[in-house]
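> Just passing along the structure, written as structure tokens.
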Amino acid sequence: MNTIEEKLKLLPDQPGCYIMLDDRGDVIYVGKAKVLKNRVRQYFQNGPKNEKTRQLVSNIADFQYVITRTEIDALSLENNLIKKYKPKYNILLKDDKQYPYLRVDLKEYYPTFTVVRKIRKDGAKYFGPFMGGVSVNDVLEIIYMCYSVRRCTGKMDGTLKKECLNYHIKRCPAPCAGYIDRDAYMQNVHQAIDFLGGNDNSAERILQEKMYKFAEAEEYELAMSCRDKLRMLTRIKQKRITSMNRFMDVDVIGIYGNGIYQVITVLVTRGGRMQGAKYFTLETGMETAEEALSGFIMQYYKAETGAPDEVLLNIECSDANSIEQILKSRLGKIINIVTPKQGVKRELALMAEKNSAEYLEKSVSKIKHKDDMTVIACERLQEILKLKNYPRRMECYDISHISGTDKVGSMVVFKDGEPEKSSYRRFRIKTVEGNNDFACLQEVLRRRLEKLGSPEEEHFPRPDLIVIDGGKGQLSSVKAIFDEMGCDIELIALAKKEEEIYTLTDEYPVTLDKKDYVLKLLQRIRDEAHRFAITYHRSIRSKNMLASALDSIDGIGEKRRKLLIKKFGTVEEIKSASVEELMQVESIGRKQAETIKSYFED
């Protein structure tokens, strides 16, 4: 009797999570169950199964389980385990595009409006997201033009300063110079907030007045700018759903699948206005539509997404109450998750479902092409190079420097053929003198391999394949480190000139057709490692040049130099900065700012 059969008999009839492992001990699937005994046994019983479930079961060598106190605990644990292990057969939601928001902090002495892409729990007010043809910068310009709030973003504490150019060209009331008191300024801020909340129509009237005034003065470009902003206000008005509560923020989620792929659409409505749609093509998973929807919601709603008041679904979700409780703890607010049966909310849910169906129909060929370029390319790479294991986690290394100075190394990670940017790492070369790429590679790989078997291995998991940017010489230099450290990870190199693949087992390099998806996969990871190394090298070099330049300026010591480097980053940015912008740096007064400006202008 094998281990799995013995374990199946001992399964408890309690809620919990189960973890499926392959023959290497890697986690390939995580699931939750109201009754562990019933759910886990289903995988190994005879009966109809879809293709993805059959693939999963064929790869299961063992399983583990964790008993939880409640179903809510099981749901929360499942989400945490998926984030930790990123199992191959679970839905792995990639971070979606971060749409912009407008932020205003009323705790500031003179609040200002800024564009941000993440919402934080900082007590500030956020408006957005801005999507669907509405430009956040145009909205911000309307606020500036109509409500007389300051354009600069530096902190103000009531201390008077000299007004800047924006005051003289009538684009700012200059609160910094005391030309408007705080009470009057805050009235402007609250009017702007009312406008963003859809409760104030004065912007349209003000823009019309300005447009006619500019036209009469024959300032036609300014008049046309006002006209364009009026058109945008019209588009915003047309997005209002008249039968919805204008004070409610609602997300409408619709899922649709064709038995192989699934698409989820999120229709975003804020303040009763339809902002736009986000589309998510789900990665390889074997969940039912309900399970997929549950997993999606658990991964999607984070603090920075801007949680709505209500979530409408196109299908029933039995985990809705449990998810509500978890999101309340995570986000600090109550979110109602409902599946409407009739009325405008039901129509919106069906609209989201229809959007998913149309998106899937148009995207199937694109999804298949993506599979060819990623997972299938990885499978063929294993076959062509006779690798022992499927190269799920691939790491690629490159070195960048100029004539042996500012030497850096890069490590990029591809998982199932796609970049996993959160795992990228950068290395400052510490021990190598002069121009020696081979020695630099050896230092980087030695430092990388030292992580294996250490407490840091959790953040630096063992790769299935290491790719070196280079040819036979680079491969041999890294092989020497592998031998020194007793490492048996498979290793290859990709040479740029002829795009030849060098291995440790073949005397001659492997050449592939230039159109082969396997070669394109290796080129992508090699080029990404090169890009990442070059970017880091340029950053280091620029900061060193800036620090060297600042050393020559009277009155700029180490503290001010570091603050200037942190603020501007490059010599070019400091050269183009105004005196007022330089003064925004802590401890830089007008005298120091003018000295810096004069130094770079000479």
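> Consider Y390 against the criteria (1) of a type in the set (F, W, Y); (2) part of a loop (DSSP other than H, G, I, E, B); (3) open to solvent by less than 20 Å² (accessible area, probe 1.4 Å): it satisfies all of them except one. Which criterion is unmet?
It fails just one condition, (3).
> Residues in segment 354-377 that are more than 17 Å from D416 (Cβ to Cβ), crowded, with 17+ Cβ neighbours inside 10 Å and hydroxyl-bearing (S, T, Y): how many?
Residues that pass the stated criteria total 2.
> Using the structure shown, decide if D372 is in a strand (DSSP E or B) and not hydroxyl-bearing (S, T, Y).
Considered against the rule, which asks whether it is in a strand (DSSP E or B) and not hydroxyl-bearing (S, T, Y), D372 comes out as no.
> How many residues are assigned to a loop (DSSP other than H, G, I, E, B) and within 12 Å of I72 (Cβ to Cβ) if we restrict to segment 302-337?
So the count comes out to 1.
> Filter segment 443-460 down to the residues that are in contact with a Ser or Thr (Cβ under 9 Å, 6 or more places away or on another chain) and within 19 Å of S422 (Cβ to Cβ) and list them by number.
Passing the criteria: H459, F460.
> Follow-up question, since we're still on this one. On the basis of being under 24 Å from Q584 (Cα atoms), in contact with a helix residue (DSSP H, G or I) (Cβ under 9 Å, 6 or more places away or on another chain) and among the hydrophobic types (A, V, I, L, M, F, W, C), does F113 make the cut?
Yes: the conditions hold for F113.
> What is the one condition in (1) among the polar types (S, T, N, Q); (2) at pLDDT 90 or above; (3) open to solvent by 60 Å² or more (accessible area, probe 1.4 Å) that Q442 does not satisfy?
(3)
> Determine which member of the set K515, K520 is assigned to a loop (DSSP other than H, G, I, E, B) and either touching a residue at least 40 places away in the same chain (Cβ under 8 Å) or under 17 Å from T374 (Cα atoms) (or both).
Within the list K515, K520, the selection yields K515.
> I would also like to ask the following. Within 24 Å of L222 (Cβ to Cβ) and among the aliphatic types (A, V, I, L, M) - does that describe any residue in segment 192-201?
The answer is yes, given that some residue of segment 192-201 is within 24 Å of L222 (Cβ to Cβ) and among the aliphatic types (A, V, I, L, M).
> Can you pull out the residues in segment 335-353 that are of a type in the set (A, V, I, L, M, F, W, C) and either open to solvent by less than 20 Å² (accessible area, probe 1.4 Å) or within 25 Å of the chain's Cα centre (by Cα) (or both)?
I335, I337, L348, A349, A352 - these are the residues of segment 335-353 that are of a type in the set (A, V, I, L, M, F, W, C) and either open to solvent by less than 20 Å² (accessible area, probe 1.4 Å) or within 25 Å of the chain's Cα centre (by Cα) (or both).
> Moving on. Take the residues in segment 378-387 that are over 28 Å from the mean Cα position of the chain (by Cα) and open to solvent by 30 Å² or more (accessible area, probe 1.4 Å); name whichever of them is farthest from K520 (Cα to Cα).
Checked segment 378-387; the qualifying residue farthest from K520 (Cα to Cα) is K386.
> Out of the residues in segment 450-488 meeting the condition of being open to solvent by 10 Å² or more (accessible area, probe 1.4 Å), under 25 Å from V27 (Cβ atoms) and of a type outside the set (D, E, K, R), tell me which one is modelled with the lowest pLDDT.
So the residue we want is H459.
> Starting from segment 107-131, take each residue that is touching a residue at least 24 places away in the same chain (Cβ under 8 Å) and list its partners that are loosely packed, with under 13 Cβ neighbours inside 10 Å and hydrophobic (A, V, I, L, M, F, W, C), counting only C-beta distances under 8 angstrom and pairs at least six apart or across chains.
K125/L106
> Right, another one. Mind counting the residues in segment 310-320 that are open to solvent by 30 Å² or more (accessible area, probe 1.4 Å), touching a strand residue (DSSP E or B) at 6+ places or on another chain (Cβ under 8 Å) and over 13 Å from Y256 (Cα atoms)?
0
> Within segment 76-143, considering only strands (runs of 3 or more DSSP E) that don't extend past its boundaries, which have at least 2 residues that are surrounded by fewer than 19 Cβ atoms within 10 Å (Cβ to Cβ)?
Correct list: 113-116, 125-127.
> If you don't mind, there's one more thing I want to ask. Looking at (1) in contact with a helix residue (DSSP H, G or I) (Cβ under 7 Å, 6 or more places away or on another chain); (2) open to solvent by less than 40 Å² (accessible area, probe 1.4 Å); (3) in a loop (DSSP other than H, G, I, E, B), which is the only condition A192 fails?
(3)
> Answer with yes or no whether K229 is more than 29 Å from E310 (Cβ to Cβ), open to solvent by 50 Å² or more (accessible area, probe 1.4 Å) and either at pLDDT below 80 or of a type outside the set (D, E) (or both).
When the stated conditions are applied, K229 does not pass them.
> Can you find a residue that is open to solvent by less than 40 Å² (accessible area, probe 1.4 Å), among the hydroxyl-bearing types (S, T, Y), touching a helix residue (DSSP H, G or I) at 6+ places or on another chain (Cβ under 8 Å) and closer than 30 Å to G25 by Cβ anywhere in segment 321-328?
No, that holds for no residue.
> Here is a follow-up. Given the structure, is D200 among the charged types (D, E, K, R), modelled with pLDDT of 85 or more and open to solvent by 30 Å² or more (accessible area, probe 1.4 Å)?
It is false that D200 is among the charged types (D, E, K, R), modelled with pLDDT of 85 or more and open to solvent by 30 Å² or more (accessible area, probe 1.4 Å).
> Can you tell me how many residues within segment 395-439 are open to solvent by 30 Å² or more (accessible area, probe 1.4 Å) and outside any helix (DSSP H, G or I)?
Total satisfying the criteria: 17.
> Can I ask one more? In segment 293-309, how many residues are more than 18 Å from the chain's Cα centre (by Cα) and surrounded by fewer than 20 Cβ atoms within 10 Å (Cβ to Cβ)?
1
> Then there's this: Of all residues in segment 441-472 being of a type in the set (G, A, S) and over 29 Å from the mean Cα position of the chain (by Cα), which is nearest to D483 (Cα to Cα)?
Only one residue fits best here, namely G453.
> I've got another one for you. Can you run down the residue pairs with Cβ atoms below 7 Å, 6 or more apart or on separate chains, where the first is in segment 181-193 and free of Cβ contacts under 8 Å to residues at least 60 places away in the same chain and within 9 Å of V149 (Cα to Cα) and the partner is open to solvent by less than 90 Å² (accessible area, probe 1.4 Å) and not hydroxyl-bearing (S, T, Y)?
Once the first residue is free of Cβ contacts under 8 Å to residues at least 60 places away in the same chain and within 9 Å of V149 (Cα to Cα) and sits in segment 181-193, its partners that are open to solvent by less than 90 Å² (accessible area, probe 1.4 Å) and not hydroxyl-bearing (S, T, Y) give N188/V149.
> For segment 148-158, does any single residue satisfy the condition of being among the polar types (S, T, N, Q), without any contact (Cβ under 8 Å) to a residue 12 or more places away in the chain and open to solvent by 40 Å² or more (accessible area, probe 1.4 Å)?
Within segment 148-158, none of the residues are among the polar types (S, T, N, Q), without any contact (Cβ under 8 Å) to a residue 12 or more places away in the chain and open to solvent by 40 Å² or more (accessible area, probe 1.4 Å).
> Take segment 260-276 and flag every residue that is farther than 21 Å from L196 by Cβ and part of a strand (DSSP E or B).
Correct list: Q262, V263, I264, T265, V266.
> Based on this model, can you work out whether V66 counts as in a helix (DSSP H, G or I), open to solvent by 20 Å² or more (accessible area, probe 1.4 Å) and of a type in the set (A, V, I, L, M, F, W, C)?
In short, no.
The values are calculated or read from the model by the stated rules, or taken from the named source; none is laboratory data. Worth saying up front: this structure is predicted, and the values here are computed from it rather than measured. Quick reminder, even Gly has a Cβ in these numbers, built from the backbone with ideal geometry, and neighbours come from all protein chains shown. Keep in mind that these areas ignore ligands, DNA and RNA; they rest on the heavy atoms of the full protein, side chains included. Shrake-Rupley method; radii C 1.70, N 1.55, O 1.52, S 1.80 Å.
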